[in-house]
Amino acid sequence: MALLDRFRAFLDASPTSFHAANVAAGLLEAAGYTALDEGGAPEALPAGSKRYVLRSGSIVAFRVGANNPATAGFRLTAAHTDSPNLRIKPRPHLRDQGYIRLGVEPYGGVMLATWADRDLGLAGRVLVRDGAGQKAILVDLRRPLCRIPTLAIHMNRGVNDEGLKFNAQKELPALLALSDPGASGATAEPLRALLAEAAGVPESNLLTWDLALYDLTPAVISGLNAEFLHSARLDNLASCHAGLEALIAAGDADLPATTAVLALFDHEEIGSTSERGAQSAWLEHLLERIVRDGAGDNAGGLSRALTHSWLVSADMAHAVHPAFADKHDGEHMPRLNAGPVVKQHSAQRYGTEAEGAALFMRLCEAADVPFQWFVNRSDLACGSTVGPLVAARLAVRTVDVGNPMLSMHSIREMCGTADHAWMVAAMRAFLSGVG
């Protein structure tokens, strides 16, 4: 498959962070990576070892370099697997006016209006009984199942002037079915029956879930000259896929001195404060293990390794909008299909300083990749990403980058078709030890 075809397949197969991490694990295994048991006994990690650790919606993969990390350091790339969405509550069934609706809770900075009048599927993980314990099973109800209908303009005459607004508690619950308690086979909790069937377990074995609604429209290439790609969850599955492609492609080259690491974190959209988020100790513990179990001189351990290390944090960037160019700083206006973007902010909302920017510029030069700059307008609040969090946790030099996109945090986003290959090339140069 060509790169854009693989990219679209990854997007379509990853309706939730759990699916994205699982798909990533499958791609890594096909490239010769094997799972590392976090709770297992220490095992040797000699040069060339290709391993990964999967933890729910997060995954870290690494290829041990020719030299011990204590002396050669790490080349770290980080992104996040989660996207803004609508999560299903634990007791979701709402019955009113003859309908059954599912109660939802916004996850992250959802642009709520874009979720209206869409054909919505449901995906995530369910927890089921497993003997005396429990296990998680991924489910994907990939069919038109739910909808959040809008009120007719006849009853909401000001909608075009005032904008489409939803009260998250009262108006966002998604229609699932008509409520007819007397119908044959009717159940008090129809979603539970549906999920149990999807998981292949008796309904009595279903415990609870982490589920999200998602748009069923597949990723498509569009535009007069096929210059655009439209999809859900480009922020930030695009960076995840670029990192995976780069790590796998870097394995085709001679083994560099440095150890290449790809960390794809869950929960960035809600602050990263979880056991597998960017603010946790999870990545730090894995890096300690790589240093400890690698061959060679380990004296000084992780702190020594990190002084020789770099982090490229990749998250999508704001392309200039043709109708809202004034929302950008005039000298920092990224455009679609003009290359990856170096993101900088004086208050460290992005982890870039001149040293990291210079490294990424040299990587782009080596890979024949154009690059752009983004600096937020000085009178607007700036977003952030995992870069500053990982940089602070590990005390590692960092640069924040991303490909330009439009409609960020909409249910359907868009980017340029040329930029993805350029980001892969720059990341591949980084993970191969260039620069």
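Since every read-out is calculated from the coordinates, none of them should be taken as a lab result. In this text the structure is predicted, and so the values were computed from the model without any measurement. Positions of Cβ are backbone-derived with ideal geometry, glycine not excepted, and every protein chain shown enters the neighbour counts.
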statement: The answer for A219, listing residues at least 5 apart or on another chain whose modeled amide H is closer than 5 Å to its amide H, is D12
message: Could you check the spin-label model distance between A44 and R91? Points 7 Å from the Cα along Cα→Cβ, value in nm.
response: 5.7
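Between A381 and L151, what length comes free when the chain is fully extended (0.36 nm per residue of separation minus the Cα-Cα distance, one decimal in nm)? Mind dumping the intermediate values first?
Working: separation 230, 0.36 × 230 = 82.80 nm, distance 3.28 nm.
Length gained, A381 through L151: 79.5 nm.
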Kirkwood Rh and Cα Rg combined as Rg over Rh, evaluated for the range 85-215: 1.02
query: For the chain, modelled as a GNM with alpha-carbon contacts under 10 angstrom, which of D37, D235, D82 fluctuates the most?
result: D37
task: Arrange R292, R91 by Cβ neighbour counts within 10 Å, fewest through most, would you?
output: R91, R292
Length gained when the stretch A66-A193 is fully extended (0.36 nm per residue, less Cα-Cα span): 40.5 nm
- line: Footprinting proxy, S204, S272, S58: sorted fewest to most Cβ within 10 Å, the residues are S204, S272, S58
- prompt: Counting other Cβ atoms within 10 Å of each Cβ, which trypsin sites (Lys or Arg not before Pro) in the range 120-217 have at most 12 and sit in a DSSP loop?
  reply: R157, K165, K170
- prompt: What lysines sit close enough to K343 to cross-link, taking a C-alpha to C-alpha distance under 24 Å and skipping anything fewer than 8 places away on the same chain?
  reply: K327
- line: A31 and A253 label points (each 7 Å along its Cα→Cβ direction) are spaced in nm at 1.3
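Taking the Cβ of A226 as the centre, find all other residues whose Cβ is under 14 Å away and add up their charges (Lys, Arg: +1; Asp, Glu: -1).
Numbers: positive: R8; negative: D5, E227, D419.
For residues surrounding A226, the net value is -2.
Quick check on the chain: helices-only [θ] at 222 nm, where DSSP H runs of length 4 and up contribute -39,500 (n - 2.57) each and the sum goes over total residues. Nearest 500, please. The partial results should precede the final answer.
On the way: 11 runs with 112 residues, N = 435.
Roughly -7500 deg cm²/dmol at 222 nm, from the helical runs in the chain.
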message: Let me check I've understood the local charge: for E43, count other residues with C-beta under 10 angstrom from its C-beta, Lys and Arg +1, Asp and Glu -1. What total comes out?
response: 0
statement: Straight-line reach check, K89, cutoff 29 Å on alpha carbons, 8 or more apart in-chain or any other chain, hits among lysines -> K135, K165, K170
- request: Within the set of other residues whose C-beta is less than 11 Å from the C-beta of E353, count the net charge using Lys and Arg as +1 and Asp and Glu as -1.
  value: -1
message: Just to check I understand the Karplus step: with θ = phi - 60° and J = 6.51 cos²θ - 1.76 cosθ + 1.60, what whole-Hz values come out for the range 138-153, glycine and proline as x?
response: 6, 10, 8, 7, 8, 7, x, 10, 10, 7, 10, x, 8, 7, 4, 4
field: Ratio of the Cα radius of gyration of the chain to 2.2 N^0.38 Å, where N counts its residues
entry: 1.03
message: Students often get this wrong: which residues of the range 370-400 have the backbone nitrogen under 11 Å from the point 7 angstrom along Cα-to-C-beta of D329?
response: 373-380
- prompt: Amide H to amide H under 5 Å from Y99: which residues, 5+ apart in sequence or cross-chain, H placed 1.01 Å off N in plane?
  reply: S179
- request: List the relative contact order of the range 85-215 as a percent without decimals, with contacts defined as Cα pairs under 8 Å and 6+ residues apart.
  value: 38
- prompt: To the nearest 0.05, what FRET efficiency results for L138 and L175 with a Förster distance of 22 Å applied to their C-beta separation?
  reply: 0.35
- line: The alpha-carbon center of the range 339-375 and that of the range 133-173 are separated, in whole Å, by 38
- line: Row for the range 1-50, column shape: gyration tensor on C-alpha, a ≥ b ≥ c, rounded if a/c < 1.5 i.e. under 1.5, prolate if a/b over b/c, else oblate; value oblate
- line: Taking a label point 7 Å from the Cα of A421 along Cα-to-Cβ, the residues of the range 1-33 whose backbone nitrogen sits under 14 Å from it are 1-7
